[in-house]
Amino acid sequence: MSQFWLRVAATLIYPVLFSVLIGLAAGWAVGLGVLSAILLIYLLIHMRYLGMLERWLKDPQARAVPEGGGLWERAFSSLYQLMRIQSRSQSKLSAAVDRFQSAAQAIPDGVVILGEDDEIQWCNPVAERHLGVDNRADQGRPIKYLLRQTAFTEYLASQNYAEPAVMKSPTLHDTTLSIQLVPFGDAQKLLLSRDISALERVVQMRRDFVANVSHELRTPLTVVGGFLETLLDNDSIDSAERRHFEELMLDQTKRMQNLVQDLLTLSKLESSDNAGTEECIDMRRLLRSLNEDAKSLSAGQHTIEFVCEFDVGLVGSEAEIHSALSNLVSNAIRYTPAGGHIKASWGRRGADAVFAVEDDGPGIDAQHLPRLTERFYRVDRSRSRETGGTGLGLSIVKHVLTRHQARLEIQSTPGKGSLFTAVFPARRVSTQTQATLQTVS
Ligand code: ADP
């Protein structure tokens, strides 16, 4: 016999014995009546406990487990134990859910949990921003009705989620997203969205760069090829014309050499963020060297003035600084028509040191100024080519200055001229004066 029935028997034994004794003393009818009365009281007690149980079951979270006596005491105490175990595992579960949600909210990617029918069950704030869905309002709504881009609907229908799909964000302007679906559980899916706009821009820049370089090289190569064909096919060309062709070919070859040289310089500058070998640059000597180069480039066509107003040196890579400043000077000479004036100066602005090149050339329209330091950006393509420009000069200047924590300022008025200023921070100014610097003339 089970424990339960033993306890039932123990509970009933006394009323039955009591009724038998009454029956022996006062007759069986009285004994039976007493037994019935006792059983009725028992029934009422059990009904009361049953009522308490029913009331508790209606709202077990809000009410305490009822207390009972006899058989009910054990039943209620077992229920109480059960409740405690359940509430412990529930709080563990809700702590785990909280942890998951705060982790999912912290990750920089969008996360959407999709149910069996690809309906939204939950999403983090990044997914709300990327995809324009709402964690509360869109719960239960199929994702395909909210994200209608063909790239996404085809990806969802393909059932092949090995590779991510790429699509434009429906809400964020100019944002490209990588969308990856990851099946999990029975038939659920995790949708992950990542902003890959920066990566896309780099890929686009690389494409543009390759196209630009190919274009820049194709023109001189075509010219050289054309002249060579003419020379090979025509024995009758006289020596003066032949010399003229050879000179033109040499020009084009120099143009290609300049381009390759500038590309190598740029690639070297881009391979590290910091300036090359740092040294104390004697600015007087550098200015003298720039002045000589400027005069030879101008070939006496311009009035050129070099001024040293700040008797300090500069800490940096001499080769890089020379290349940057000489680009500014050569631009001024190349773009200023014959008869123009060019003034280069090394001076100070507050605690900063500045190298400025001013010309009274054609000037540059304001709309071009923000883009001048982009690779291959030119205002006047043919003028740049005529003067041997590669379109990379100011890009090199910007890189060199950035590596020296300096900046380039450009002021220009069309028809009046331009002022290019390289501003070096005070910490780049050498405390040694020019006189104490080792000057190699
Ligand atoms: P480029 O090799 O074509 O000179 P840069 O990068 O040095 O390339 O300059 C970019 C463009 O900026 C030039 O093509 C030219 O249109 C413009 N520019 C630069 N310096 C001057 C200047 N001093 N005066 C007028 N335009 C200039």
Legend entry - Leading residue by the ranking (surrounded by the fewest Cβ atoms within 10 Å (Cβ to Cβ)) among those in the stretch 364-376 that are farther than 17 Å from Asn258 by Cβ and either within 6 Å of the ligand (Cβ to nearest atom) or basic (Lys, Arg) (or both): Arg371
Legend entry - Whichever residue in the stretch 66-76 is over 13 Å from Arg7 (Cβ atoms) and out of contact with any Pro (no Cβ under 9 Å at 6 or more places or on another chain) and, among such residues, is most open to solvent (accessible area, probe 1.4 Å): Glu67
Legend entry - Residue under evaluation Thr433, criteria (1) modelled with pLDDT under 95; (2) out of contact with any strand residue (DSSP E or B) (no Cβ under 8 Å at 6 or more places or on another chain), criterion not met: (2)
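Residues checked against (1) on the phi > 0 side of the Ramachandran plot; (2) touching a Lys or Arg at 6+ places or on another chain (Cβ under 8 Å):
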| site | (1), (2) |
| --- | --- |
| Gly300 | yes, no |
| Arg349 | no, no |
| Val354 | no, yes |
| Lys398 | no, no |
Legend entry - Residue list for the stretch 339-357, filter: touching a residue at least 60 places away in the same chain (Cβ under 8 Å), crowded, with 16+ Cβ neighbours inside 10 Å and among the hydrophobic types (A, V, I, L, M, F, W, C): Trp346, Ala353, Val354, Phe355, Ala356, Val357
Legend entry - Residue tally, condition surrounded by 14 or more Cβ atoms within 10 Å (Cβ to Cβ) and assigned to a helix (DSSP H, G or I), over the stretch 47-65: 4
Inset, instruction - Give just the number: which of (1) more than 22 Å from Leu79 (Cα to Cα); (2) touching a residue at least 24 places away in the same chain (Cβ under 8 Å) does Leu35 not satisfy? - result: (2)
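Might you let me know whether the stretch 317-327 holds any residue that is more than 26 Å from Thr265 (Cα to Cα) and touching a residue at least 60 places away in the same chain (Cβ under 8 Å)?
Residues of the stretch 317-327 more than 26 Å from Thr265 (Cα to Cα): none.
No: zero hits.
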Legend entry - Set Asp311, Asp360: member being away from the ligand (no atom under 16 Å from the Cβ) and touching a strand residue (DSSP E or B) at 6+ places or on another chain (Cβ under 6 Å): Asp311
Inset, instruction - State all residues of the stretch 170-219 that are open to solvent by 70 Å² or more (accessible area, probe 1.4 Å) and of a type outside the set (D, E, K, R); if no residue qualifies, say none. - result: Thr171, His173, Pro183, Phe184, Leu199, Val202, Gln204, Met205, Val210, His215
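Within the stretch 229-243, can you find the residues that are assigned to a helix (DSSP H, G or I) and surrounded by fewer than 13 Cβ atoms within 10 Å (Cβ to Cβ)? Let's see the steps before the verdict.
Of all residues in the stretch 229-243, those assigned to a helix (DSSP H, G or I) come to 229-233, 239-243.
Correct list: Glu229, Leu232, Asp233, Ser239, Ala240, Arg243.
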Inset, instruction - Write out, first by first residue and then by second, each pair whose Cβ atoms fall under 8 Å of each other, whose residues are 6+ apart or on separate chains, and whose first residue, in the stretch 196-214, is assigned to a helix (DSSP H, G or I) while the second is basic (Lys, Arg). - result: Phe209/Arg375; Asn212/Arg375
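Okay, residues lined up against (1) more than 25 Å from the chain's Cα centre (by Cα); (2) at pLDDT 90 or above; (3) of a type in the set (Lys, Arg):
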site: Met83; (1), (2), (3): yes, no, no
site: Phe100; (1), (2), (3): no, no, no
site: Ile120; (1), (2), (3): yes, yes, no
site: Leu131; (1), (2), (3): no, yes, no
site: Tyr145; (1), (2), (3): yes, yes, no
site: Ala151; (1), (2), (3): no, yes, no
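Report the residue count in the stretch 378-391 for those that are within 19 Å of Leu217 (Cβ to Cβ) and more than 6 Å from the ligand (Cβ to nearest atom). Lay out the reasoning, then the answer.
Our first condition is that a residue be within 19 Å of Leu217 (Cβ to Cβ); within the stretch 378-391, this holds for 378, 381-382, 384-391.
Next, only the ones that are more than 6 Å from the ligand (Cβ to nearest atom) stay: 381-382, 385-388.
Residues flagged as within 19 Å of Leu217 (Cβ to Cβ) and more than 6 Å from the ligand (Cβ to nearest atom) within the stretch 378-391 amount to 6.
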Legend entry - Residue check, Gly361 open to solvent by less than 20 Å² (accessible area, probe 1.4 Å) and touching a Pro at 6+ places or on another chain (Cβ under 8 Å): yes
Inset, instruction - Go through Leu39, Leu79 for me and flag whichever is modelled with pLDDT under 90, on the phi < 0 side of the Ramachandran plot and either open to solvent by 40 Å² or more (accessible area, probe 1.4 Å) or not in a loop (DSSP other than H, G, I, E, B) (or both). - result: Leu79
Legend entry - Cross-chain or 6+ apart pairs with Cβ under 9 Å, the stretch 9-30 first and hydroxyl-bearing (Ser, Thr, Tyr), then not in a helix (DSSP H, G or I): Thr11/Gly70
Inset, instruction - Could you check, for the stretch 403-417, whether at least one of its residues is modelled with pLDDT under 95, closer than 30 Å to Arg207 by Cβ and away from the ligand (no atom under 14 Å from the Cβ)? - result: yes
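Given the residues Thr265, Thr336, which is the only one that is within 15 Å of the ligand (Cβ to nearest atom), within 30 Å of Arg218 (Cα to Cα), within 34 Å of the chain's Cα centre (by Cα) and surrounded by 19 or more Cβ atoms within 10 Å (Cβ to Cβ)?
Numbers: Thr336 fails: within 34 Å of the chain's Cα centre (by Cα).
Exactly one residue qualifies, and that residue is Thr265.
The values are calculated or read from the model by the stated rules, or taken from the named source; none is laboratory data. Only a predicted model underlies this, so the values are computations on that prediction, with no experimental measurement involved. In this analysis, Cβ positions are derived from the backbone assuming ideal geometry, glycine residues included, and neighbour counts consider all displayed protein chains. Note: accessible area is taken over every heavy atom of the protein model, side chains too, but ligands, DNA and RNA are not part of it. Shrake-Rupley method; radii C 1.70, N 1.55, O 1.52, S 1.80 Å.
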